[in-house]
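The values are calculated or read from the model by the stated rules, or taken from the named source; none is laboratory data. As the structure is a prediction and not an experimental result, all values here were calculated from the model. Positions of Cβ are backbone-derived with ideal geometry, glycine not excepted, and every protein chain shown enters the neighbour counts.
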Amino acid sequence: MAKTHQQKEGIINKLEEDLKGVKSLVFIDYYGLKVREIEELKKKLKEKSCKYVVAKKTLLNIVLEKIGLGHVDLTKLEGGLGLAYSLEDEIMPIKVAFDFAKTHEALNVRGGVLNEDFLEAEDAKALSVLPTRQELIAKLLGTIKAPISNLTYVLKGNLKGLVYILSNINH
């Protein structure tokens, strides 16, 4: 049954509200996925503070225009279009979508948007292998901490040697 104009307006307003301030979007062709698999994808996205929505391309075009992403042309993207997005992490929806696609051949990532720039599927795939922000921060802290830890270890070794020598002198 066709949606009324009011229903379409409601969908557009809800999507516009949800997508304001979005960090990244991933366009997913969900044709061929079973309902159970789509629910599994939604669950994985939710675990990573991401969301998933399905809407008609014409309505999504209107919403993208309203939120300042009018340069993204959805007519080039094939298949049914699902949208994974995050308001918090730029890379997480991309990572989750590509990780899910590894085990579900029917899922195809058609592209995405990162910081208002359209990403082709290949570009999005390249981003999916990058470490997350938290992983990068942990690596940076480990790198900063390493010289101090090494110095402590070396000094500790010298003190152990001194204590060993002193303990042998008294015997």
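Going by the structure shown, is GLU47 on the phi < 0 side of the Ramachandran plot, among the acidic types (Asp, Glu) and under 20 Å from the mean Cα position of the chain (by Cα)? Yes, satisfied.
Conditions (1) surrounded by fewer than 18 Cβ atoms within 10 Å (Cβ to Cβ); (2) among the aliphatic types (A, V, I, L, M); (3) in a helix (DSSP H, G or I); (4) not assigned by TED's automatic domain parsing to the domain that holds LYS48, marked per residue:
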| position | (1), (2), (3), (4) |
| --- | --- |
| GLU78 | yes, no, no, no |
| LEU83 | no, yes, no, no |
| GLU88 | yes, no, no, no |
| PRO93 | no, no, yes, no |
| ALA97 | no, yes, yes, no |
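Among the residues of segment 45-63, are any outside any helix (DSSP H, G or I), loosely packed, with under 12 Cβ neighbours inside 10 Å and not hydroxyl-bearing (Ser, Thr, Tyr)? Write out each step before concluding.
Keep residues of segment 45-63 that are outside any helix (DSSP H, G or I), which gives 48-56.
Now narrow it down to the ones that are loosely packed, with under 12 Cβ neighbours inside 10 Å: none.
Within segment 45-63 (the criterion being outside any helix (DSSP H, G or I), loosely packed, with under 12 Cβ neighbours inside 10 Å and not hydroxyl-bearing (Ser, Thr, Tyr)), the answer is no, since none of the residues qualifies.
Within segment 134-171, the set of residues being basic (Lys, Arg) and exposed (fewer than 10 other Cβ atoms within 10 Å of the Cβ) is empty. Selection of segment 1-44 for residues being of a type in the set (A, V, I, L, M, F, W, C) and in contact with a helix residue (DSSP H, G or I) (Cβ under 8 Å, 6 or more places away or on another chain) yields ILE11, ILE12, LEU15, LEU19, LEU25, VAL26, PHE27, ILE28, LEU33, LEU41.
Going through (1) modelled with pLDDT under 85; (2) crowded, with 18+ Cβ neighbours inside 10 Å one by one, ARG110 falls short only on (1). A Cβ distance below 7 Å, combined with a sequence gap of six or more or placement on separate chains, defines the contacts here; from segment 32-47, residues that are in contact (Cβ under 8 Å) with a residue 40 or more places away in the chain reach residues that are assigned to a helix (DSSP H, G or I) and not basic (Lys, Arg) in the pairs LEU41/PHE100; LYS44/VAL96; LYS44/PHE100; LEU45/PRO93; LEU45/VAL96.
Every residue in segment 64-76 that is part of a helix (DSSP H, G or I), in contact with a helix residue (DSSP H, G or I) (Cβ under 6 Å, 6 or more places away or on another chain) and within 18 Å of GLU122 (Cα to Cα), please.
Applying the first criterion (part of a helix (DSSP H, G or I)) to segment 64-76 yields 64-66, 74-76.
Applying the additional criterion that residues be in contact with a helix residue (DSSP H, G or I) (Cβ under 6 Å, 6 or more places away or on another chain) yields 66, 74.
Passing the criteria: only LEU74.
Can you pull out every residue in segment 122-133 that is in a helix (DSSP H, G or I) and exposed (fewer than 14 other Cβ atoms within 10 Å of the Cβ)?
Going residue by residue through segment 122-133, those that are in a helix (DSSP H, G or I) are 122-128, 133.
Listed by number, the residues that qualify are GLU122, ALA126, ARG133.
Return yes when THR103 is at pLDDT 85 or above and either hydroxyl-bearing (Ser, Thr, Tyr) or touching a Ser or Thr at 6+ places or on another chain (Cβ under 7 Å) (or both) and no when it is not. Answer is yes for this residue. Checked against (1) in a helix (DSSP H, G or I); (2) more than 22 Å from ALA106 (Cα to Cα), GLY21 passes all but condition (1).
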